[in-house]
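A.B. asks: Just dropping this structure here.
Just so it is clear, none of the values below were taken in a lab; they were calculated from the coordinates. These numbers come from a predicted model, not from an experiment. Glycine gets a Cβ as well: all are built from the backbone with ideal geometry, and neighbour counts include every protein chain shown.
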Amino acid sequence: MRIIYSFNTNNGATIPGSFFTKMAELSVYSARETKLPVELYVDFPGYEYFKTTKCVFDAVHIVDFEKFNINSAYWNFGKLYTYSIQKEPFLHIDFDVYLHPGFEIPTTGDIITEMLRDYTLVQGFKDVEIYKVKQIPEKLICSGLLGGYNSTPFIELFEHAQKVCKKSIKEDKSMSYLVGVEEYNLSVLADLYNYSVLELNKKYYSHFQGADKEKRFGEIINQLHNNIIN
């Protein structure tokens, strides 16, 4: 099992600021505390950026995300590609995730997720769905921490994403498109093929997700960073 990260700057168009850097440094530090290998998949401008941070990786893989000619509004496409090329068990972690002491990854499971959550089906999912299904998944597989021991669902997910992520995103459905192409479609695959899906223990990680991160979590991140990284 390895912990992996990915970051696509869209050929330098999106270079993170200081708050993201603090979150990333904390996240990678906490991942290294698990004693598992920690790797990064990133484009070249992102590689140059991470060299300026205190993030330490066991391996860095430079990826040409641009070759797929995807609509850059699908910012999670880079993650989908990164999942698909893993040949060994992995857990992909977003840079706004902090692992607490005692964090453990299950030793089995086709798919491992941060949580299964309730959701409301919106039309945006229908616009990017991998298969038309009569019965929608009961729960949604979340992707802040996502991986597993079976590469097949992630390969199939990416094969679909290469096609659908070229289309325009309707502004009023943007989050539905992003959630749909990754989390909803993976949930559909899990149901169709009866993949085992295991949840991580929520007590042992914090996911500082959502909009206005700095306003909502800035004090926590700054305190953690000052105590651990500085």
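A.B. asks: Could you let me know the centre-to-centre spacing of region 174-230 and region 107-157, using Cα atoms, in angstrom?
C.D. replies: Going from one Cα centre to the other spans 13 Å.
A.B. asks: So for region 1-147, if I pair up every lysine 8 or more residues apart or on another chain, how many of those pairs have alpha-carbons under 23 Å apart?
C.D. replies: So the count of such lysine pairs works out to 17.
A.B. asks: Next question. Can you give the charge dipole size of the chain about its Cα centre, rounded to the nearest 20 debye, using +1 on the beta carbon of Lys and Arg and -1 on the beta carbon of Asp and Glu?
C.D. replies: Computed charge dipole of the chain: roughly 160 debye.
A.B. asks: Still on this structure, I have one more. What ranking, highest mean first, results for peptides 69-75, 125-131 when packing means the other Cβ atoms within 10 Å averaged over each residue?
C.D. replies: So the order, starting with the most tightly packed, is 125-131, 69-75.
A.B. asks: Tell me what the chain gives for mean residue ellipticity at 222 nm when only DSSP H runs of n ≥ 4 count, each as -39,500 (n - 2.57), the sum divided by the residue total, rounded to 500 deg cm²/dmol.
C.D. replies: That calculation yields -10000 deg cm²/dmol at 222 nm.
A.B. asks: What is the extension gain from residue 196 to residue 104, computed as 0.36 nm multiplied by their sequence separation minus the C-alpha to C-alpha distance, in nm to one decimal?
C.D. replies: So the chain would gain 31.3 nm between residue 196 and residue 104.
A.B. asks: Long-range amide H contacts for residue 198: which residues qualify at under 5 Å (H placed 1.01 Å from N, peptide plane, sequence gap of 5 or more or a different chain)?
C.D. replies: 111, 112, 113
A.B. asks: Separate question: Could you calculate the contour length gain from residue 168 to residue 228, that is, 0.36 nm times the residue separation minus the distance between their Cα atoms, to one decimal place in nm?
C.D. replies: Residue separation times 0.36 nm, minus the Cα-Cα distance, leaves 17.4 nm.
A.B. asks: Say a paramagnetic label sat at a point 7 Å from the Cα of residue 35, along Cα to Cβ; which residues of region 88-112 have their backbone N under 15 Å from it?
C.D. replies: Those under the cut-off are 101-105.
A.B. asks: Rounded to the nearest Å, what's the spacing between the alpha carbon centres of region 4-48 and region 66-84? Just the number, please.
C.D. replies: 16
A.B. asks: Quick check: pseudo-label points 7 Å beyond the Cα along Cα→Cβ at residue 19 and residue 68, how many nm apart are they?
C.D. replies: Roughly 2.7 nm, to one decimal.
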